[in-house]
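Laboratory data are not the source of any read-out in this text; all were calculated from the coordinates shown. Predicted model, so just to flag it, every value in this text is computed and none were measured. Note that each Cβ is placed from the backbone with ideal geometry, even for glycine, and that neighbours are counted across all protein chains shown.
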């Protein structure tokens, strides 16, 4: 009888063959250099761990992120090892590529426990501690990037070094109000930022900053808000005896500084006014000056209520216009109606008394004419009569006392 042969592999043969295979791999690796003790292909590593793991996920950034943002992002797996003096030293184990949508994947990761760190410009995710079993593919899903924060310190003033009421400071979409001294201290996302200070009626001030996470960044010189110029408009009216010629003589003075404006058709404009209190004085010959105090804000456009100038004959500075009406054949003429005018503008009327005298309140800056047209006498006129300060009275053009002589009719 021929002997039979069992061709099934024997247990010891399989073990020998497996060991031989590992030995050959170890020899091959030895030829390429030493194998780390925790390497999956190390002959002494348990067979369950001799299979690499894979890890995937996706970065989520505020606003959805962008290809440019993800191009500069980083996703890393770290291991920890004991360092000198019992400190813990972190060592980078793996870094994953990231596509334009923020997706990342680690291939052939040695099984074990890792810390996952993800970051981008001014953004970071909370660290994740992961344990990767051998031979598994794990998708951890979204890894949310949040802004890193720093602190910005500064001050807002105007060009005179004073605080600015209603000033606000903005960084991105966030608004902050400085304190009573113009100072502010705010927490903002780290990274490149532009800080803007604004206030009503002022030109905005901007400053570019690089805010570092966890650092107090000082703006440096104050943000200076320059006030916009203000504009003041209005109208001047003559209460009585107005003519185009007299309106054209109206002037307005601003702040006693010699800034004179002549209104056009009674209207006036002061441009480029600094914010604050201003004093305006309106003047016209024959009228009492009128003063206005006005407070105007930066950048304001203010329309004043109309300024009315009262004729000086009705005010405390009125002077007396007196004259004598007499007949050419001698003696005063009583009971005669005398019409006074300012050039061609009727002014007032008066009736001569028994001494032939008339007396009117007048304005020292005006020139007057007297007209008489009465029965029994030829029409007569006297003028111009001009106020003489040295006499505190009106005089004729030659300096003589006003005296109107009437010629009797035949």
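Miscellaneous remarks
- Subtracting the Cα-Cα distance of residue 269 and residue 324 from their residue separation scaled by 0.36 nm leaves 15.1 nm.
- Gained length - residue 115 relative to residue 100, 0.36 nm times residue gap less alpha-carbon distance: 3.0 nm
- Cβ crowding within 10 Å ranks 345, 224, 211 as 345, 224, 211, fewest other Cβ atoms first.
- Approximate spin-label separation residue 353-residue 71, in nm, with each point projected 7 Å along Cα-to-Cβ: 10.4
- Measuring r between the beta carbons of residue 374 and residue 160 and using R0 = 56 Å, the FRET efficiency lands at 0.20.
- Paramagnetic label reach from residue 93 (point 7 Å along Cα→Cβ; backbone nitrogen cut-off under 14 Å): within segment 123-154, residues 128-136, 138.
- Estimated inter-spin distance, residue 170 and residue 207, nm [label 7 Å along Cα→Cβ]: 1.8
- For the pair residue 361 and residue 235, a Förster radius of 35 Å applied to the C-beta separation gives a FRET efficiency near 0.80, rounded to the nearest 0.05.
- Residues 278, 311, 391 in ascending order of nearby Cβ atoms (within 10 Å, fewest first): 391, 278, 311.
- Neighbour-count ranking [beta-carbon atoms within 10 angstrom, fewest first] of 225, 406, 304, 175: 175, 304, 406, 225
- In this rough spin-label picture, where each label sits 7 Å from Cα along the Cβ direction, the residue 255-residue 386 distance is 3.8 nm.
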